[in-house]
Amino acid sequence: MAKMRQVIFLTAVIASLVAVHLFLRAIGKEYCLTQLTMSVYYAIVVVGLCLVMGYAGQVSLGHGAFFALGGYTTAILTTHDFSRFQHAPWARALRQAHVFVVKQDLFSGQVMNVTPTIAFFAAMSVTFLVACLIGYPALRLKGHYLAMATLGFGLIVNKMLVGSALAGGADGITNVPEWRIAGLLTISGKTALRVQNYYVACGVALVLLLLLRNLVKSRVGRALLAIHDGETAAGAMGINTAGYKLKTFVLSALLAALAGVLFTHYTGGIAPSEAGALKSVRYVTLAAAGGMANLWGGAIVSTIINFFSLRGWFGTYDNAVFGAILIIIISLTPEGPLKPLGIWLRRAWDRCAGTLGNEHGAA
Amino acid sequence: MEEGNLALQYLLSGVTKGSIYAIVAIGFNLIYSATGVLNFAQGEFVMLGGMIAYTLWQFLPLPVAVAASVVLVALIGCALEILFFRKLRRHSILHMIIITMGLSIVIQEAALHVWDEKVRSLPYFTGNEISSVHLFGAAISPQVIWVLGTAVVSVVFLHGFLRYTLQGRAMRACSSNPEAAALAGINISNMRTLSFGLSAALGGLAGCVISPITMTHYEMGAPLAIKGFAAAILGGFGNPMAAVVGGLFVGIVEAFSVSKMPAAYSDVVAFAILLLVLFVRPHGLFGEPTAESLREF
Amino acid sequence: MKRLIVVAVLGLCLASGPLFAQGKASEPIKIGAIFAVTGPASFLGAPEQKTVEMFVDKVNKEGGVLGRKLEIVLKDSAADPAKAGSFAKQLIEEDKVLAIIGPSTSGETMQIKALCEENKVPLISCAAAEVIVNPVAKYVFKTPQKDSQAVTWIFNTMKDKGISKIAVVSSNDGFGKAGTEQLVNLAKDSGIEILANEVYDKQATDLTDVLTKVKGTAGVQAVVNWSIVPAQSIVAKNMKQIGLNVPLFQSHGFGNVKYAQQAGAAAEGTLFPAGRLLVVGELPDNHPQKALLASYKKDYESRFKEDVSTFGGHAYDALLVVVEGLKKAGSPDRDKVRDAIENIKGLVGTAGIFNFSPEDHTGLALDAFEMLTVKNGKFVIYKK
């Protein structure tokens, strides 16, 4: 029975995503898919953060840094010109192995870059290492100390990116090439591929959400909840609290990095502000607004709000809106607005539909 | 310039920055000690202090403008506590921290729309932009002495207040054991409001006194809050003097790191040292380890 | 079930949002503008936005262009390149603007340079970096003077004063980076040696440590600071406070007399290249730019009650270029307007006199700058 509900739910989600696309096409505003795609990638970071904050109960004010690590690694590798090694035997071997690729650059003749697929693996590896290195000592800290440590980490990454000529300094990196993953699957900002990229982004997000949902409903999830509710008690029951916290942290870092890689190839560039405190605070805002332990809530709220922000809806009050959201939602609905919204909607539905409501009472 | 003079100049430079961080850290320290809340909006109190004082200075003499500004910022601090924290005591500390982050952003934006993006500054309290005090071949702006003096006076005042006055002792009681304090008849929410107001007042005063050095603009709150936060953690919570020491430490480390490596990395060094301290001795140089481990998040 | 409803409702909300998005297809000619009105570059974006508002009102009052009114579609990017990219796509495809003016910063401009070129939309940037027009992209222009021209002026003045060894301090943002690059590139050929080159955080509250390092470097005869406020004022004050008494050269980012006032006595004698907008009072009446500059200054200061800055001037020039191109092209066609812009000669703007060509998409020559200095808290032309 539960499996059936899951399938229905999933179908409903996919149906809504397609419905959104068709609706946009019908009203002639298909270009909104661009901002939606970008928002979905940001939402992936928020979902990972929900895992860390809502389930493991750890606050991270530096998740933008992982997004940036993923994005920058791939950006640097795929735009840096390695042609001075072109004739070395190892370089030629790597070209054969499709690690390097030679392209015609718009302005400077032939350049040799790393292929995006290899860059992706490099990005994931770098993030994994850094997350382990920083997570191991940091997660032994509590509460506000952890907040400060993650904030400090994020700022260190930000300042190092700004200070590094290789990373393009304050201007970041632009002209990042598209990523042809396999056959028709290409992450690119080209207008012709816009619809395809929308579905790719949604697909990636859906798959991740499902995987995480399974994780959360399993033993691991219960262990995390136990840690969240009372770490000492959980430890006393034999749960390896440090291990679980670290794994959750690293997983969320990898999610953020994945989002960073996809985002960078989609928009064709990345800037150091992605690692800054402002972006990291926004991620926390959105995770909190979605209901910290509510993965779907985080994803949906994050997508909607980022979409409006990227469309310039909030005008010059963009920052103020995020601040206001933080305050209002946390004050009124600390568990996130979706539950009260859901309850309210159900009550409304019950009132309108009369007996229908009773049938679904067990939902 | 001889080596010794150069080293002394770096030291004085570190003291300049450090005193600014210290004076911000005192406010952080106070609110945390009294209520357990990490107030990310502390930097905004500093910014508001400078901005409001600047506006008042346009038609009031400087000392009056500064005093009025401090009072106004204190009132704002109390108002914020009443509006956002009084009703919400059932929330966890994490939620309250997130609310202060939201407040910080909203106050910053409000300042932008009230005052606009331009940079302003109060005049130097003594001397002007080029005057300097010479100490053994190195020089420092007289305003820095004002900042240090204000920090020291604040610490002394807080010390006296917390130890010798009824309100102060009540505040300490609330922070160490809220239930017992309530049982003893202390009005916890009033104490909380008082600590916010006091912290905001200190922040506002800091904003006025550092304005000639750092210039005042609507975005200055966040970076100051981060550094002040780092200084407070480094020093350890519970003791206002620790905040001052923490601030000076951060400033001096930054200044000397500039002497040894490209200035672009001085912030990285400061934060790296902070991380190291957090990993090795989270309660800071002077804090008490036991109290912190008991604070559940 | 509950979840289903929630998802469906939210999906509808998601989808209906765009319904309220702007986009009228009617009479006025639409020009897109991306400025950093809020955020870390607001000292650029805010005067730019105000200037454009003022300009458009004036043009529309006088009957518009080609008999149609102008409409500016403004987007506030807060200096975030990802947002600038998103807005550029919006402006091009949805609002179908004729051209885009802005963005305010070089990082954002580089993010959208390729996009505008591919979509054949004229982009008139208000940012200063050389890379925007070098290599030249057919549809991309810029109105601020080149950083290299500012540097050339500084070096020429130094040579006149017999200065050959300098220290460079700059902020860690795009502006500082671009300027430092030019300083380093042009130093050798100008006979200038850079003994110290330090980058500081643009939000630094005090810079005595960096300047102490400069003071400790033997033989420094002058300091060049490449940054914006508040660091500009802080550097000036700190130098005097620690007793580093060598000439201070600032960049053309010093382009607002308020900055000189804020640095007070420390700003006296500062040298910097800037557009003539800041010293319009000193220009002879027959100077080609005088009328335009005087009227811009008067209109801006009376309407917005604040001092003019050269930054607002760049936006003025950008819109002026588009309007001029539109007039010459005779119709709001993107390609025709682009061609017209590329052939503009002798257009008087706030930054100088524009002469575009297929190789030169900046249009300003070295004489667009004037070397200024601060005397008694005011800007005056520097006389050797």
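The criterion of at least 3 residues that are closer than 24 Å to A:I330 by Cα is met, among helices (runs of 4 or more DSSP H) falling completely within segment B:65-182, by B:93-115.
Checking each residue in segment C:107-129 for being within 12 Å of chain A (Cβ to nearest Cβ) and either of a type in the set (D, E, K, R) or within 24 Å of A:T191 (Cα to Cα) (or both) picks out C:G107, C:E108, C:T109, C:M110, C:Q111, C:I112, C:K113, C:A114, C:L115, C:E117, C:E118, C:N119. Checking each residue in segment C:69-95 for being more than 10 Å from chain A (Cβ to nearest Cβ) and either touching an Asp or Glu at 6+ places or on another chain (Cβ under 6 Å) or at pLDDT 90 or above (or both) picks out C:K69, C:L70, C:E71, C:I72, C:A88.
Of all residues in segment C:29-61, those satisfying the criterion of being modelled with pLDDT of 90 or more and outside any helix (DSSP H, G or I) are C:I29, C:K30, C:I31, C:G32, C:A33, C:I34, C:F35, C:A36, C:V37.
Kindly indicate whether B:L183 is surrounded by 15 or more Cβ atoms within 10 Å (Cβ to Cβ) and at negative phi.
Values: surrounded by 15 or more Cβ atoms within 10 Å (Cβ to Cβ): no; at negative phi: yes.
No: the conditions fail for B:L183.
Taking segment A:38-51 only, how many residues are touching a Phe, Trp or Tyr at 6+ places or on another chain (Cβ under 6 Å) and either basic (K, R) or more than 10 Å from every other protein chain (Cβ to nearest Cβ) (or both)? Number satisfying all stated conditions: 4.
Of all residue pairs spaced 6 or more apart or on separate chains, those with beta-carbon atoms under 9 Å, a first member in segment A:3-32 that is within 9 Å of chain C (Cβ to nearest Cβ) and basic (K, R) and a second member that is assigned to a helix (DSSP H, G or I) and exposed (fewer than 15 other Cβ atoms within 10 Å of the Cβ) are A:K29/C:L19. Does at least one position in segment C:311-322 carry a residue that is touching a Ser or Thr at 6+ places or on another chain (Cβ under 8 Å) and of a type in the set (D, E, K, R)? Within segment C:311-322 (the criterion being touching a Ser or Thr at 6+ places or on another chain (Cβ under 8 Å) and of a type in the set (D, E, K, R)), the answer is yes, since at least one residue qualifies.
When segment C:220-233 is filtered for residues that are within 10 Å of chain B (Cβ to nearest Cβ) and among the polar types (S, T, N, Q), the ones remaining, listed by number, are C:Q232, C:S233. Within segment B:191-227, the set of residues being more than 8 Å from chain C (Cβ to nearest Cβ), over 9 Å from the mean Cα position of the chain (by Cα) and of a type in the set (S, T, N, Q) comprises B:T193, B:S195, B:S211, B:T216. In the set C:L347, C:L372, C:L366, C:L292, only one residue is on the phi < 0 side of the Ramachandran plot, of a type outside the set (V, I, T) and buried (at least 23 other Cβ atoms within 10 Å of the Cβ); that residue is C:L372. Restricted to segment C:246-280, and to residues there that are away from chain B (no Cβ under 14 Å) and aromatic (F, W, Y), the residue that is surrounded by the fewest Cβ atoms within 10 Å (Cβ to Cβ) is C:F249. Within segment A:176-196, the residues that satisfy the criterion of being closer than 25 Å to A:L251 by Cβ and surrounded by 17 or more Cβ atoms within 10 Å (Cβ to Cβ) are A:W179, A:I187.
In segment A:310-333, the qualifying residues are those that are in contact with a Phe, Trp or Tyr (Cβ under 8 Å, 6 or more places away or on another chain) and either more than 7 Å from every other protein chain (Cβ to nearest Cβ) or at pLDDT 85 or above (or both), and the one that is surrounded by the most Cβ atoms within 10 Å (Cβ to Cβ) is A:V321. If you check B:A272 against the conditions, is it surrounded by 24 or more Cβ atoms within 10 Å (Cβ to Cβ) and within 14 Å of chain A (Cβ to nearest Cβ)? No, not satisfied. Would you mind finding the one in C:T152, C:T217 that is more than 14 Å from chain B (Cβ to nearest Cβ) and surrounded by fewer than 24 Cβ atoms within 10 Å (Cβ to Cβ)? Going through C:T152, C:T217 in turn, the sole match is C:T152.
Name the residue, out of B:L148, B:L158, that is touching a residue at least 40 places away in the same chain (Cβ under 8 Å), within 30 Å of C:A265 (Cα to Cα) and surrounded by 15 or more Cβ atoms within 10 Å (Cβ to Cβ). Lay out the reasoning, then the answer.
On the way: B:L158 fails: within 30 Å of C:A265 (Cα to Cα).
Of the residues listed, the single one that is touching a residue at least 40 places away in the same chain (Cβ under 8 Å), within 30 Å of C:A265 (Cα to Cα) and surrounded by 15 or more Cβ atoms within 10 Å (Cβ to Cβ) is B:L148.
On the stretch given as segment B:222-261, residues that are out of contact with any Phe, Trp or Tyr (no Cβ under 7 Å at 6 or more places or on another chain), more than 15 Å from A:I156 (Cβ to Cβ) and not in a helix (DSSP H, G or I) total 1.
Residues checked against (1) surrounded by 24 or more Cβ atoms within 10 Å (Cβ to Cβ); (2) over 28 Å from A:N319 (Cβ atoms); (3) out of contact with any strand residue (DSSP E or B) (no Cβ under 8 Å at 6 or more places or on another chain); (4) touching a residue at least 60 places away in the same chain (Cβ under 8 Å):
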| site | (1), (2), (3), (4) |
| --- | --- |
| C:F87 | yes, no, no, no |
| C:E93 | no, no, yes, no |
| C:V97 | yes, no, no, yes |
| C:G102 | yes, no, no, yes |
| C:K120 | no, yes, yes, yes |
| C:L123 | yes, no, no, no |
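Filtered by the rule that a residue be within 29 Å of the chain's Cα centre (by Cα) and in a helix (DSSP H, G or I), segment C:214-233 gives C:V214, C:A231, C:Q232, C:S233.
Taking segment A:120-143 as the range and being assigned to a loop (DSSP other than H, G, I, E, B) and either basic (K, R) or more than 14 Å from chain B (Cβ to nearest Cβ) (or both) as the test, the residues that pass are A:R140, A:K142.
Residues checked against (1) within 12 Å of chain C (Cβ to nearest Cβ); (2) closer than 22 Å to B:L122 by Cβ; (3) within 14 Å of the chain's Cα centre (by Cα); (4) at pLDDT 90 or above:
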{"site": "B:L6", "(1), (2), (3), (4)": "yes, no, no, no"}
{"site": "B:S19", "(1), (2), (3), (4)": "yes, yes, yes, yes"}
{"site": "B:G36", "(1), (2), (3), (4)": "no, no, no, no"}
{"site": "B:L48", "(1), (2), (3), (4)": "no, yes, yes, yes"}
{"site": "B:Y54", "(1), (2), (3), (4)": "yes, yes, no, yes"}
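Residue-wise test of (1) part of a helix (DSSP H, G or I); (2) within 10 Å of chain B (Cβ to nearest Cβ); (3) without any contact (Cβ under 8 Å) to a residue 12 or more places away in the chain.
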| site | (1), (2), (3) |
| --- | --- |
| C:V199 | no, yes, no |
| C:Q203 | no, yes, yes |
| C:T212 | yes, yes, no |
| C:V235 | yes, no, no |
| C:M239 | yes, yes, no |
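The values are calculated or read from the model by the stated rules, or taken from the named source; none is laboratory data. What you see is a predicted model; the values in this text were computed from it and never measured. Neighbour counts run over all protein chains shown; Cβ positions are idealised from the backbone, glycine included.
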